[in-house]
Every structure is written in C-alpha cells, then in structure tokens.
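One structure below.
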Amino acid sequence: MPPSPADSVPGFTDLSPDLQYQLLRQWQRRDWLVTAFVMVTNATLLAVITVPPLNAVADSAVQAMRQGWGLSDKIAGLDSRKISGDFTTLVQEGDRIASHKVTSGYGPRETDTLPEGASSEHKGVDLATPLSTKLYAPGNAGTSVKIRCWRDANGGGLVADIESPDAPTLLLQALHLEDCTTGMVAGGKPFATTGDSGIGDAHLDWRQRDRRTRDYQHPQQYYLLWALTGSAPAATLSDIDILRNAIIGQESAWESRIINADSGALGLGQVMPENLAPVDAQGKEIPNSGWDYEALGEDLTPEAFLRSPAKQIKIINYQLAKIHQQQLDAGHSQDEAIRRTAATWYSGNPDRADDLTPEYWDGDRDKAYPSVKEYSDQVLARVKTLQKQ
C-alpha cells in the first residue's frame with residue numbers, strides 16, 4: 001500500500017538526494033489538488049443525497065477518491081507521465097519515454113548498424129525524437145536551471161549541460177540538439193529542441209553524470225521524463241524498494257555493470273556469482289537453482305545478469321524481502337531487522353550486525369572494507385534518510 005505523503009515521501013539513494021526535496025514539494029501540491037477536487041465532488045453529491053442508490057454509489061466513489069492516490073495522478077494531470085513503481089528505474093533499450101522509443105541503451109553496444117563514428121561504449125541513451133522536439137528545464141516552478149550550450153567536435157554536435165537545483169549532485173546532458181539557450185532558465189520552461197547535429201539522424205542522446213567527479217552514470221527515467229514533459233514525474237516506493245536503494249547506494253552507487261575486483265561481486269547489489277550459480281560437490285553448476293531462478297524462474301549467466309539492471313533489481317528485491325521478513329518474524333524491531341538484513345547481505349550472517357571486527361579481503365590489509373556493524377549502521381542511516389523526506 002503506497003505511503004501517505006503526510007507520513008513518508010519516497011526518496012532516492014545518496015546518489016541522487018536531490019529528488020527528496022522536490023518530491024516533497026510535488027506531494028504537497030498534489031495533496032492540495034486532491035483535497036480541492038474531493039470538496040467540489042462532495043458539494044455536487046449533496047444534490048442527489050435523497051436518492052439512496054445514487055447516494056451509495058457516490059459515497060463509494062468519494063471514499064475511493066480519498067483513499068486512491070492513483071486518482072490524484074489523474075487529477076494533477078500526471079497519469080500519462082507516471083513512472084511505474086519506482087523513479088529510480090534505469091532507462092533501457094526498447095523503453096518508451098514520453099512516447100519516444102529508446103533506440104540505444106547505456107554501455108557496450110554493437111555499432112554495425114550505427115552511423116560511422118558511433119561509440120561502442122555508449123555513455124548515454126538514444127531516443128528517436130523527431131526534429132525540433134522541445135526539451136524543458138528539469139526544475140520545479142520558481143527555480144532557475146543553469147544551461148550551458150557548447151559544440152562537441154567529437155560527434156556530439158550541439159550539447160546542453162544542465163545543472164538543476166532539484167538535482168544538485170548531477171550534471172545532465174542533452175546532445176545532438178537543433179538549438180539551445182545558454183543561461184538561467186525557469187524550471188519547466190523550454191530551453192532547447194532536439195536535432196541532428198553531430199553523428200546520425202535526428203535523435204536525442206541523453207546523459208547523466210556525477211557533477212563533482214564528472215563520472216558517467218546509467219541514466220534514470222526520472223530526469224529524462226522530466227526534461228521531455230516539463231513536469232516532475234510521480235512515483236512511489238515500497239519499504240523494500242527503499243531498503244534496496246539503500247543497499248545499492250552502499251554497494252555500487254547505481255553502477256549496474258560494476259564487478260568487484262577482489263570478490264567478483266556483480267552489479268547494483270554486488271551479488272556474489274555463487275549466489276547466481278550454486279555448484280555441487282564436484283564443482284558443477286546446479287541447474288534451476290540460485291537467486292536468479294528463485295526470483296525469475298531462469299538461470300542467468302553473469303554476463304546476462306550484468307546486461308539487465310531490471311532483472312538485477314527484481315532479484316535483489318526478492319532476496320531482501322525474504323531476509324527482512326525472516327528478521328521480523330524472529331521478533332526483531334523494524335530498525336534491527338533492517339540492520340540484520342544488511343548484515344546478511346554483506347556477510348551472510350545476521351548475527352554479525354554488531355560485529356566491529358575489521359574486514360580485509362583474503363587477509364590482505366591493503367584491501368580494507370567496513371566492518372559488518374559499520375556497514376549495517378550505514379544502510380540503516382540511508383534508509384532513515386529516505387524515509388524522512
């Protein structure tokens with residue numbers, strides 16, 4: 001059941017804390033719209049109060065309006081732009097974002113069918129946007145978004161660097177533009193149109209980077225959808241989604257293809273390969289087993305696992321939900337269940353949640369990792385931060 005905005009506003013991991021403030025403001029605006037709509041509806045329904053059948057239907061309708069946050073999306077005009085389930089969803093090839101198909105995903109790709117000069121290691125995502133499609137400054141009303149337009153001589157064409165106060169940790173980028181306005185642009189107002197400058201026909205290449213380090217990140221649907229529509233998308237997170245985001249923020253900072261050089265742990269949640277492919281006493285992989293088969297009903301190779309952030313998230317959610325419920329069933333408080341779940345994820349043993357023993361990979365003191373207690377406490381702190389927003 002989605003949380004009430006009065007109690008909890010879903011946020012993001014430490015990778016993008018910028019979503020927390022603006023989602024709070026969005027929920028407040030939507031709450032006002034729902035209240036106003038229900039008041040008008042109640043007044044209208046008084047006119048039919050003497051007709052019992054109509055009155056019963058009306059009462060049910062009003063109750064559904066008051067309880068159904070999904071309707072508030074429609075009232076606020078956001079339903080067509082709503083991201084299903086989770087604003088942290090990563091953009092994948094084949095997705096449709098604001099009706100525009102994603103034709104090329106993030107990371108390694110085949111270039112045989114792409115224009116000459118296209119990169120085999122894609123740093124963004126490509127969308128089939130028609131020439132002159134408007135892009136809007138991704139910021140709330142009353143904010144100013146910094147836009148810097150420049151020419152990329154290496155094939156990017158006309159590029160916009162986008163720095164929004166509602167995304168303070170991120171540098172967003174739009175490439176291959178037709179035109180672009182440098183300066184401070186009001187949140188929600190147009191600042192550019194897509195084009196065919198640089199390599200290829202008309203399309204949008206959208207990128208997301210860490211503003212401090214300039215490292216590229218796998219773009220999330222949230223900011224891209226905001227730039228294409230001019231409005232912040234609506235999204236909700238379950239308790240397990242929030243716990244998952246805390247774990248991912250702790251483990252990989254949302255880098256879906258990362259492989260730990262020491263342990264070989266994979267992807268967003270740094271899942272150990274043996275959890276995907278258990279082996280028997282002879283060292284042979286056991287078919288139809290492992291976390292992937294439990295969650296998805298299929299066996300994934302490490303390569304297939306890394307290629308699909310969506311499958312990674314399903315597997316992580318499945319395992320975290322199972323572990324967390326076991327801790328609750330054992331009588332632990334919510335906070336302690338989170339810490340013990342984190343300890344299980346990190347060490348395989350929930351009873352080590354208070355273990356301060358230093359962790360070194362394979363005994364090598366040059367490869368130090370947080371103690372299990374430090375890790376568990378940090379995950380709980382991340383969860384608390386998300387829940388308070």
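The values are calculated or read from the model by the stated rules, or taken from the named source; none is laboratory data. Since this is a predicted model, take the numbers as computed values, not measurements. Virtual Cβ from ideal backbone geometry, glycine too; neighbours counted across all protein chains shown. Side chains included, ligands, DNA and RNA excluded: accessible areas come from the protein's heavy atoms. Shrake-Rupley method; radii C 1.70, N 1.55, O 1.52, S 1.80 Å.
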Q: Select from the range 232-253 the residues that are part of a loop (DSSP other than H, G, I, E, B) and aliphatic (A, V, I, L, M) and write down the one among them that is modelled with the lowest pLDDT.
A: Ala235
Q.
Being farther than 15 Å from Tyr346 by Cβ and open to solvent by less than 20 Å² (accessible area, probe 1.4 Å) is the filter here; which residues of the range 242-263 pass it?
A. Ile242, Asn245, Trp254, Ser256
Q. Of all residues in the range 276-294, which are under 15 Å from Phe305 (Cα atoms), among the hydrophobic types (A, V, I, L, M, F, W, C) and not in a helix (DSSP H, G or I)?
A. Ala277
Q: Could you tell me whether Thr344 is exposed (fewer than 14 other Cβ atoms within 10 Å of the Cβ), within 18 Å of Gln270 (Cα to Cα) and free of Cβ contacts under 8 Å to residues at least 40 places away in the same chain?
A: no
Q. Of Lys284, Lys322, Lys314, Lys367, which residue is of a type in the set (Lys, Arg) and touching a residue at least 60 places away in the same chain (Cβ under 8 Å)?
A. Lys367
Q.
Among (1) surrounded by 15 or more Cβ atoms within 10 Å (Cβ to Cβ); (2) within 24 Å of the chain's Cα centre (by Cα); (3) not in a loop (DSSP other than H, G, I, E, B), there is one condition Ala310 misses while meeting the rest; what is its number?
A. (1)
Q | Matching residues in the range 112-139 - criterion: being open to solvent by 60 Å² or more (accessible area, probe 1.4 Å), free of Cβ contacts under 8 Å to residues at least 40 places away in the same chain and under 27 Å from the mean Cα position of the chain (by Cα) | A | Ser120, Glu121
Q. Which of the residues belonging to the range 203-228 are hydroxyl-bearing (Ser, Thr, Tyr), open to solvent by 20 Å² or more (accessible area, probe 1.4 Å) and touching a strand residue (DSSP E or B) at 6+ places or on another chain (Cβ under 7 Å)?
A. Tyr216
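Filter the range 352-367 down to the residues that are in contact with a helix residue (DSSP H, G or I) (Cβ under 8 Å, 6 or more places away or on another chain) and within 18 Å of Gln250 (Cβ to Cβ) and list them by number. Outline the logic, then answer.
Within the range 352-367, the first condition is being in contact with a helix residue (DSSP H, G or I) (Cβ under 8 Å, 6 or more places away or on another chain), and the residues that meet it are 352-357, 359, 367.
Correct list: Arg352, Ala353, Asp354, Asp355, Leu356, Glu359, Lys367.
Among the residues of the range 166-195 satisfying the criterion of being touching a residue at least 60 places away in the same chain (Cβ under 8 Å) and in contact with a helix residue (DSSP H, G or I) (Cβ under 9 Å, 6 or more places away or on another chain), which is most open to solvent (accessible area, probe 1.4 Å)?
Restricting to residues being touching a residue at least 60 places away in the same chain (Cβ under 8 Å) and in contact with a helix residue (DSSP H, G or I) (Cβ under 9 Å, 6 or more places away or on another chain), the top hit is Pro168.
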Q. Looking at (1) open to solvent by 30 Å² or more (accessible area, probe 1.4 Å); (2) at pLDDT 95 or above, can you tell me which one Arg96 breaks?
A. (2)
**Q.** Residues of the range 162-184 classified as outside any loop (DSSP other than H, G, I, E, B) and at pLDDT 95 or above, total
**A.** 14
(Q) Checking the conditions here, which among Gly200, Gly156 is out of contact with any Lys or Arg (no Cβ under 6 Å at 6 or more places or on another chain), touching a residue at least 40 places away in the same chain (Cβ under 8 Å), within 22 Å of Glu116 (Cβ to Cβ) and open to solvent by less than 10 Å² (accessible area, probe 1.4 Å)? (A) Gly156
Q: Scan the range 86-133 for residues that are among the small types (Gly, Ala, Ser) and not in a loop (DSSP other than H, G, I, E, B) and report the count.
A: 2
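Can you spot a residue in the range 263-282 that is under 13 Å from the mean Cα position of the chain (by Cα) and under 29 Å from Thr385 (Cα atoms)? Don't jump to the end; show me each part of the working.
Step one: of the range 263-282, the residues under 13 Å from the mean Cα position of the chain (by Cα) are 268.
Imposing the further condition that a residue be under 29 Å from Thr385 (Cα atoms) reduces the set to 268.
Yes - at least one qualifying residue is present in the range 263-282.
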